[in-house]
1. Which count do you get for residues in the stretch 20-47 that are surrounded by 12 or more Cβ atoms within 10 Å (Cβ to Cβ), out of contact with any helix residue (DSSP H, G or I) (no Cβ under 6 Å at 6 or more places or on another chain), more than 15 Å from Asn67 (Cα to Cα) and not small (Gly, Ala, Ser)?
2. Taking Gly38 as the residue in question, decide whether it is of a type outside the set (A, V, I, L, M), assigned to a loop (DSSP other than H, G, I, E, B) and free of Cβ contacts under 8 Å to residues at least 40 places away in the same chain.
3. Which of the residues that make up the stretch 53-67 are of a type in the set (A, V, I, L, M) and under 21 Å from Asp5 (Cβ atoms)?
4. So Asp63 ticks every box in (1) assigned to a helix (DSSP H, G or I); (2) exposed (fewer than 11 other Cβ atoms within 10 Å of the Cβ); (3) not basic (Lys, Arg) but one. Which box is left unticked?
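Values in this text are rule-based calculations from the coordinates and carry no lab data. If you're wondering where the values come from, they're calculated on a predicted model, not measured in any experiment. In this analysis, Cβ positions are derived from the backbone assuming ideal geometry, glycine residues included, and neighbour counts consider all displayed protein chains.
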Amino acid sequence: MSMFDNMKDKATDAVDSQGDKIGDGVDKAGDFVDEKTGGKYADQIDQGQDRAKDGLDGLDGQDDDIN
C-alpha cells in the first residue's frame with residue numbers, strides 16, 4: 001500500500017467517525033474567512049465550503065457522513 005493510499009484510508013476513517021465535527025470545522029473556517037473579507041466573497045466561500053464537504057464526504061463512495 002502506498003503512502004497516499006494509507007493517508008486516504010486514514011482520512012476516510014476520520015470522516016466516517018467524525019463527519020459532523022469536520023463539517024462544522026469547514027463551516028467555521030469559511031465563516032472566519034467571510035468575516036475577514038467583509039462578506040465580499042461570500043458566494044465563493046459558500047461554494048468552497050460545499051465543495052470541500054462534498055469531497056470529504058465522498059471519500060468512501062457514499063454521501064452520508066457530512067451534512
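1. Of the residues in that region, 4 qualify.
2. So Gly38 passes the test.
3. Those that are of a type in the set (A, V, I, L, M) and under 21 Å from Asp5 (Cβ atoms): Leu56, Leu59.
4. (1)
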